[in-house]
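What follows is a single structure, written as structure tokens, with notes after it.
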Amino acid sequence: MKFFGGASALALAAFLATPVAAQMPGKFDGVTIDAKLIGGQQYEALYARIAEWEAATGAKVNILSKKNHFELDKEFKSDIASGTINWCVGSNHTSFAPQYPSLYTDLTALIPADEIAKFVPANIGASTVDGRLVMLPRAQFDVSALYYQKSLYQDDAKKAAFKEKYGYDLAPPKTWKEVTDQAIFFSDPPNFYGTQFAGKEEGLNGRFYEMLVAEGGEYIDGDGKPAFNSEAGIRALDWFVNLYKAKAVPAGTTNYLWDELGAGFASGTIAINLDWPGWSGYFNDPKSSKAAGNVGVVVQPAGSSGKHTGWSGAHGFSVTESCPTKEAAASLVWWLTNEDSQKIEAGNGSLPTRGSVWDWVIAQAETDPYKKEVLTAFQEAGTHAFPVPPLAEWIEISNVVYPELQAAILGDKTSKEALDTAAEKATQVLQDAGKL
Amino acid sequence: MRKLRVSAPVLLLMPAILVIAAVVVVPLILSFYSSFTSFRLTKPETLFVFIGLRNYVTVLSDPVFWTAFGRTVLLLTIALNVEMLLGLGLAMMVDRATRGQRMLRTMMMFPMMFSPILVGFQFKFLFNDNVGLVNNALQSLGLTDQAIPWLIEGDLAFFAILVAEVWSSTSVFAILILAGLLAMPREPIEAARVDGCTPWQTFRYVTWPFVMPFAYIAMTIRSLDVARAYDIVKIMTDGGPARRTELIWTLVGRIAYSDARMGLANAMAYFSILLSILFTVYFYRKLAAARTQIAAEW
Amino acid sequence: MDRNSSARSTRRLLAFGHFVGLFLAMTVICLPGLWIVLNSLRPAVEIMAKPPVWIPQDLSLDAYVAMFGRVGQGGIPVWDYFRNSLIISVTSTVIAIAIGMSGGYAFARYRFRGKSTLFLGFMLSRTVPGIALSLPLFIIYARMGIIDTHFSLIVTYVALNVPFTIWLIEGFFRQVPKDLAEAAQIDGCTRWQAFWAVEFPLAGPGIASSGIFAFLTSWNEFALASQLTRSVNSKTLPVGLLDYTSEFTIDWRGMCALAVVMIVPALALTFAIQKHLVSGLTFGAVKG
């Protein structure tokens, strides 16, 4: 090693870092790790790195299964049910992790503490269930920021008209109240809509949950009881109801999930769109989006309590409790989430979960103003991020709550009625699960 | 030698019995058992928590289930009838075509090549209220200036699902009825014409009785296969919004896997099986009756 | 004279109506399919355009190139899926036909107790929805260690298709006069030889039609395949469609391209044997 001049500090840092890294991939000759990984284009570029891990450690990886997120969830549950957990490494997600309490092992014992410290603390927090670190997050961190069409905010006639009507300047919104005003102002159904929202399944429940938090409410109270049928809850749900009533969102929005929302904004017919980082490239690519070149991104707005929305989730990898070669499995998990791996994924446009990789991607985007805008907005968005309540029954609760939310949005029930029924059903779910 | 002959049908049927027992009957017994437990996927030990008829009580006292049940019956009844009518019309038109029969028959079966989940995706995009083809076409033609919320309004969503279902399954009726038309002897029709029957009378009293058993076959096949609609509905609306298009199968699918409450889901599934069995037995009986009639006339 | 010409014009009107009706019907049937083909060739910006782009501006084979390309750049293991689909569908169809022939023959040629109950029982086994079967099947297969193999799907599809093949083929064998086979036996053939020489050839169309139904069912089945397959070892094309969806995005163009790859072989096969199919259905199922 060379210790000359300005390079020495850097080399020293590298030197200090190496012992851990050298420890980390380790040597596992003859070990075979069976893995179940999430499939799909966005996630698979990373798996090219597996061959390098095999070369470095002498172990083999055998990919048993590659499926999309929801299919994988089904498979894990089926495995637990049939008692056939004979594999070691699985893809995981912070929103789903609490559902498999006994499936995965605590990684704190297997990964050096200083390695864990290199991740963004909030991401590690979200990966921890009942005090156990059940997964290491990869560079597929998801939190939503606000995309908008820039040209709408540069039109002088619109600016004047808006100021006249609402009494403040037209600018990308900072609060959800402003979003409502602007969405109604921009809407011209059926050709153009102010905004849109995920209208079903966990998507709607998640959006409601973050709005509830931004309005100062809580989903589950300190005693573990559903508490979303509060004043704050009604305010949060009314946000959706009012936009729907005012026809400021497409009429079909209660059947929309992420794909329709993305396609909608890309079609250039939506003014403001709260959406995930995965779409940023798509929205600004003339081959896929009419809004290309006209897309702005700002941090997601705040609710009346001053808190920002920020429902978030992260993909990651876990090691099963029943794995006989946990060290090797943990090494693979570490490898897939280490700095080089995160750079590969973040380079493709997803958000990293390590501090150093955040710095790296922002530096990379220096020459690309759009990318820079996106990353800055999402980095700030990340500081407001919070995961879903750590309940094994989260998805099950979502499934009883969202039809009620839809009923309120569509006008079948009032917000209060809908939330009361939903809370009752959610309580029942928790009771059936022996929680209350 | 003699002994061997007696056991011949058993021998011949053995493979069929074995494979159906292994793939259908045994799993069915297992899921039947689990419908009496509080089985949750994520807690395998609950498979042995016997709770008697509680799941069934829960299911039968749940208005959500009964609404879904009623909607399923309604959807099936309308879908099967519409499919039969359209299939009949299509088959008669293709039968009368003088040229390009081979091509037409293949085209007629085109929707059968589509995997149901593909049909689901396809119609979800077609009926999208904002950028979907249907609304775009209606707006371009000046028929409406509204964005019609196809998949949202209860009746429209039901209609959209019906269209998808009918599109994907009319072929089965058409091909079977066409088979009937092709097999039909020409003389009775000629005779009817000579006797001065109108085309409607010819159809009503000569063609239809002949083709009817084929329609019942198609009905039987389709009612065996109704759960096929699950894939379509799952992708198009998944029972939503606000349960406006909930069918038994979407309900069962969600409770089984997403909620992981397999025991409860199986109790529901048994009801949907019962429904299929009723439909099937009904049509099979009709078929048997029509068959004897035809056999007598030939 | 007058009557004649009016009759002729009525006939002409009918012919015209028939043509228009047929044309409309075929349009409705084919349009969604053509729309899929078209979508596979257009960039997403045109597919989801508003106002709509009716005349394609920018056609390319990009989606297909990407599909066969490298993983991570839009590639998915199409060849593996295709191979799995083909092996599973063909094998299960062949086995279902063989079992259908032996079962159909038994029903057509022998009398035994509980015959009609058994027959109805076979049919009713089809009424069990995939969703009710999928988990118990999974548990059993997982315990046997045959998850994610061709074998598990083949067995499953055979069971799904056997009731139908038996039904169709049985009708056919019944159609063949008993005397014919008996005559052959008198001529010195064994029952086995008589079957192959006399009865089997006559059952050809029935076998073709039950074959295509069985093939299409296996080729397109999704609910069970998604539960019983896991990786490129056994994933079939319908399951592969989901490779184009991720948690928050969907690549509709790519999905359309894969759909075309799925539909073309099925279409070719149907076109090739549709003639037998029709006559097969004619005799097989009804006369009995």
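Among the criteria (1) at pLDDT 80 or above; (2) over 25 Å from the mean Cα position of the chain (by Cα); (3) away from chain B (no Cβ under 11 Å), the one C:ALA181 does not fulfil is (1).
Can you find a residue that is touching a residue at least 40 places away in the same chain (Cβ under 8 Å) and surrounded by fewer than 21 Cβ atoms within 10 Å (Cβ to Cβ) anywhere in the stretch B:234-242?
The first filter runs over the stretch B:234-242 and keeps only residues touching a residue at least 40 places away in the same chain (Cβ under 8 Å), leaving B:234-237, B:239, B:241.
In the following step, the residues that additionally are surrounded by fewer than 21 Cβ atoms within 10 Å (Cβ to Cβ) were identified as B:235.
Within the stretch B:234-242 (the criterion being touching a residue at least 40 places away in the same chain (Cβ under 8 Å) and surrounded by fewer than 21 Cβ atoms within 10 Å (Cβ to Cβ)), the answer is yes, since at least one residue qualifies.
Any residue at all in the stretch A:37-48 that is more than 9 Å from chain C (Cβ to nearest Cβ), surrounded by 18 or more Cβ atoms within 10 Å (Cβ to Cβ) and among the acidic types (Asp, Glu)? The answer is no, given that none of the residues of the stretch A:37-48 is more than 9 Å from chain C (Cβ to nearest Cβ), surrounded by 18 or more Cβ atoms within 10 Å (Cβ to Cβ) and among the acidic types (Asp, Glu).
Does C:PHE172 meet the test of being in the same structural domain as C:ARG111 (by TED's automatic domain parsing), touching a Phe, Trp or Tyr at 6+ places or on another chain (Cβ under 8 Å) and not acidic (Asp, Glu)?
Working: in the same structural domain as C:ARG111 (by TED's automatic domain parsing): yes; touching a Phe, Trp or Tyr at 6+ places or on another chain (Cβ under 8 Å): yes; not acidic (Asp, Glu): yes.
Against the criterion (in the same structural domain as C:ARG111 (by TED's automatic domain parsing), touching a Phe, Trp or Tyr at 6+ places or on another chain (Cβ under 8 Å) and not acidic (Asp, Glu)), C:PHE172 qualifies.
Restricting attention to the stretch B:115-146, the residues that are among the hydrophobic types (A, V, I, L, M, F, W, C), in a helix (DSSP H, G or I), touching a residue at least 12 places away in the same chain (Cβ under 8 Å) and within 11 Å of chain A (Cβ to nearest Cβ) add up to 1.
Looking at the stretch A:243-258, is at least one residue in contact with a strand residue (DSSP E or B) (Cβ under 7 Å, 6 or more places away or on another chain), within 11 Å of chain B (Cβ to nearest Cβ), modelled with pLDDT of 90 or more and under 26 Å from B:ILE235 (Cα atoms)? Break it down stepwise before answering.
Residues of the stretch A:243-258 in contact with a strand residue (DSSP E or B) (Cβ under 7 Å, 6 or more places away or on another chain): A:248-250.
Remaining after also requiring within 11 Å of chain B (Cβ to nearest Cβ): A:249-250.
Next, only the ones that are modelled with pLDDT of 90 or more stay: A:249-250.
Retained after the next criterion (residues that are under 26 Å from B:ILE235 (Cα atoms)): A:249-250.
There is at least one residue in the stretch A:243-258 that is in contact with a strand residue (DSSP E or B) (Cβ under 7 Å, 6 or more places away or on another chain), within 11 Å of chain B (Cβ to nearest Cβ), modelled with pLDDT of 90 or more and under 26 Å from B:ILE235 (Cα atoms).
For a quick check of your reading: which helices (runs of 4 or more DSSP H) sit entirely within the stretch B:188-298 and have at least 3 residues that are more than 17 Å from the chain's Cα centre (by Cα) and within 8 Å of chain C (Cβ to nearest Cβ)?
Details: elements: B:199-202, B:208-224, B:229-236, B:248-253, B:262-297.
Those helices (runs of 4 or more DSSP H) span B:262-297.
Of all residues in the stretch A:266-288, those being at the interface with chain C (Cβ under 10 Å from one of its Cβ atoms) and part of a loop (DSSP other than H, G, I, E, B) number 8. Hey, any hits in the stretch A:54-64 for a residue that's crowded, with 16+ Cβ neighbours inside 10 Å and either in a loop (DSSP other than H, G, I, E, B) or outside the structural domain of A:GLY30 (by TED's automatic domain parsing) (or both)? Yes, because at least one residue in the stretch A:54-64 is crowded, with 16+ Cβ neighbours inside 10 Å and either in a loop (DSSP other than H, G, I, E, B) or outside the structural domain of A:GLY30 (by TED's automatic domain parsing) (or both).
Residue-wise test of (1) within 23 Å of B:THR46 (Cβ to Cβ); (2) surrounded by fewer than 20 Cβ atoms within 10 Å (Cβ to Cβ); (3) in contact (Cβ under 8 Å) with a residue 40 or more places away in the chain; (4) over 20 Å from the mean Cα position of the chain (by Cα).
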position	(1), (2), (3), (4)
A:LYS66	no, no, no, yes
A:VAL89	no, no, yes, yes
A:GLU115	no, yes, yes, yes
A:ALA122	no, no, yes, no
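Checking the structure you have, find out if any residue of the stretch C:210-222 is in contact (Cβ under 8 Å) with a residue 60 or more places away in the chain, within 12 Å of another protein chain (Cβ to nearest Cβ) and among the small types (Gly, Ala, Ser). Yes - at least one qualifying residue is present in the stretch C:210-222.
Screening the candidates A:ALA291, A:ALA329, A:ALA346, A:ALA263 for the property of being crowded, with 21+ Cβ neighbours inside 10 Å, within 14 Å of chain B (Cβ to nearest Cβ), part of a helix (DSSP H, G or I) and not charged (D, E, K, R) yields one hit, A:ALA263.
Please tell me if C:ILE76 is in the same structural domain as C:VAL261 (by TED's automatic domain parsing), crowded, with 17+ Cβ neighbours inside 10 Å and in contact with a helix residue (DSSP H, G or I) (Cβ under 6 Å, 6 or more places away or on another chain).
Working: in the same structural domain as C:VAL261 (by TED's automatic domain parsing): yes; crowded, with 17+ Cβ neighbours inside 10 Å: yes; in contact with a helix residue (DSSP H, G or I) (Cβ under 6 Å, 6 or more places away or on another chain): yes.
Taking the combined requirement at face value, the residue satisfies it.
Looking at the stretch C:127-140, I want the residues that are facing another protein chain (nearest Cβ under 7 Å) and have a partner that is outside any helix (DSSP H, G or I) and not acidic (Asp, Glu) with Cβ atoms under 8 Å, at least 6 apart or on another chain. Which pairs are those? From residues that are facing another protein chain (nearest Cβ under 7 Å), the pairs are C:LEU135/B:LEU41; C:PHE138/C:ILE147. A single member of A:PHE192, A:PHE186 is over 23 Å from A:GLN379 (Cα atoms), in the same structural domain as A:ARG235 (by TED's automatic domain parsing) and surrounded by fewer than 19 Cβ atoms within 10 Å (Cβ to Cβ), and it is A:PHE192. Within the span defined as the stretch B:65-87, one or more residues are of a type in the set (D, E, K, R) and within 14 Å of chain C (Cβ to nearest Cβ).
The values are calculated or read from the model by the stated rules, or taken from the named source; none is laboratory data. On a predicted model such as this, the values are computed, not experimentally measured, just so you know. As a convention, Cβ positions derive from the backbone with ideal geometry for all residues, glycine included, and neighbour counts pool all protein chains shown.
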